[in-house]
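Notes to accompany the following structure.
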Amino acid sequence: MGHDRMTGAIPDFDLAVVGAGVVGAMTGHLALEREPGLRVLTVDQLPLNQGGLNATGLSAGLDVPTGRDVRQRELAARSTALYRRLLATRPGLPVRSLDTFWLLARGNVGRLRETMAGPVLEEADPDALDGVFPGLRPSGDRVLLRSGGSWRADVAGLTRALLDEQRGRSGCAVREDEEVTSLRPYGDGFLLAGEGGRPLARCRTAVVATGPWALHGPFGERMRAAGLRIKKVAAFHLDLRPADDAPVLIFEDDDAFLLPQPESGRWLFSFTSQEWGGSPVLRPAALSGGDYSEAVRVLRRYAPSLAGAISGGRAFYDGYTRDRLPLVEPVPDHPGVVIAAGGNGSGFRLAPAIAERALGLLTPGHLNPPSLGTQSLGSGRS
């Protein structure tokens, strides 16, 4: 990438998306869907064939349409609608629906119902999961519920497909292994620069969606001031083969879930890590003894026989905000630039709504308002 060595020309684009994770890929996709003639550049600091090393590549890929408050529920419902529209036109994308079971204390059922963004919760037969996890039954005051409306995706595969579509459009480009260190006003737009100030491209508008690298890239200090923090996301693999139609089981009271991965011949057990302050720039994320102890604790609480099936796992980072809502806002002194950060461990789940919100916040006149206008997604940073 960069300026043409023969002519010295710097390539021009209407929209630059910094970050080629699922949020960045969805941003480019929605922009081109509504304005097919746009010249869109998406650039990422990693080689895209190593996508498994970033938050998108390591995502569990679970979309359960719930939200902790009305704003998050609006985002979840909007994302679900956008994913449905995407799959209707591209049925070959690696996304499929799956049944969802919830195991929780009966006293917490009312609170869970309030979080649902569409799907209906119904009480399930206590033996419903016996063929999936032999011997797993509600005990004490726990209850087993069931709902629909969930999706599971190969998030890296979905992201690659969207980027490949963009790459194939005239006037558009996807660049990899190219770090954007600054984005500054230049003429009637902005200049993207790399290490040492080397010019990479010019753009009229930009969306910065750099995931867990957000604090180290363009406008990192602004995101830090807004309260964005980095937290480890961890999960273990269970060496048990799920059926192709196996459901996801959510341990609601412990913020954990068991997700079937039949293509890999295993289950993924995701739980909540409380390790804050890491950075993909300073050191890679790694599973710890504390992570293992927490995973075993939760599994033994519900299904003791599963704790012995832990075999390997994964860990990475994601950006978290104070209110657990995505940080999507314009940069005041850079009209035409929007930051989109803070996936809060739900980057795939909320990516379409985050991308739509970011495009809707671009300064009027830079992109065609009639084609890029969005419906309201609620107040605040949602």
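Put simply, the Cα atoms of the range 108-169 extend 57, 30, 14 Å along their principal axes, the longest span coming first.
The residues of the range 209-338 expose, per residue, 42 Å² of accessible area to a 1.4 Å probe.
Using the Cβ of Arg301 as centre and a radius below 15 Å, the other residues enclosed give a net charge of -2, where K and R count +1 and D and E count -1. Other residues whose C-beta falls under 15 angstrom from the C-beta of His334 contribute a net charge of 0, scoring Lys and Arg +1 and Asp and Glu -1. Run the accessible area of the chain with a 1.4 Å probe and give the carbon-and-sulfur part as a rounded percent. Result for the chain: 48 percent of the exposed heavy-atom area is carbon or sulfur. Between Arg84 and Arg322, the simple label model (points 7 Å from Cα in the Cβ direction) yields a spacing of 3.5 nm. By the compact-protein rule of thumb, 2.2 N^0.38 Å, the alpha-carbon radius of gyration of the range 6-149 corresponds to a ratio of 1.43.
Only beta bridges with both residues in the chain are counted; by DSSP, about 70 percent of them are antiparallel. Building the convex hull from the alpha-carbon atoms of the range 88-132 and averaging its projection over directions returns 5.0 nm².
Computed about its Cα centre, the charge dipole of the range 292-341 is approximately 480 debye, with only Lys, Arg, Asp and Glu carrying charge at their Cβ. Along the charge dipole of the range 198-262, pointing to its positive end and built from +1/-1 on Cβ of Lys, Arg, Asp and Glu, which listed residue (Pro247, Gly220, Leu200) has its Cα farthest out? Going by the charge dipole, the pick is Leu200. Values [x] 181; [y] 126; [z] 135 are given for comparison; volume of the Cα convex hull per residue in Å³, derived from the coordinates here, is the one labelled [z].
Taking the charge dipole of the chain about its Cα centre, with +1 at Lys and Arg Cβ atoms and -1 at Asp and Glu Cβ atoms, the residue from Pro335, Val155, Trp267 reaching farthest to the positive side is Pro335. Here the Karplus curve 6.51 cos²θ - 1.76 cosθ + 1.60, taken at θ = phi - 60°, turns the phi angles of the range 134-146 into couplings of x, x, 7, 9, x, 9, x, 9, 7, 9, 9, 10, 9 Hz, with x standing for Gly and Pro.
Based on the reciprocal of the average 1/r between different C-alpha atoms, the Kirkwood radius for the range 71-147 equals 14.6 Å.
Taking every Cα-Cα distance in the range 214-305 and sorting them into 5 Å bins starting at zero, the pair-distance distribution P(r) comes out as 3, 12, 19, 18, 15, 12, 10, 7, 3, 0 percent.
The values are calculated or read from the model by the stated rules, or taken from the named source; none is laboratory data. Keep in mind the model is a prediction, meaning the values are calculated, not measured. Ideal geometry is used to build each Cβ from the backbone, glycine not excepted, and the neighbour counts take in all protein chains shown. Remember, those area values only see protein heavy atoms, side chains included, never the ligands or the DNA or RNA. Shrake-Rupley method; radii C 1.70, N 1.55, O 1.52, S 1.80 Å.
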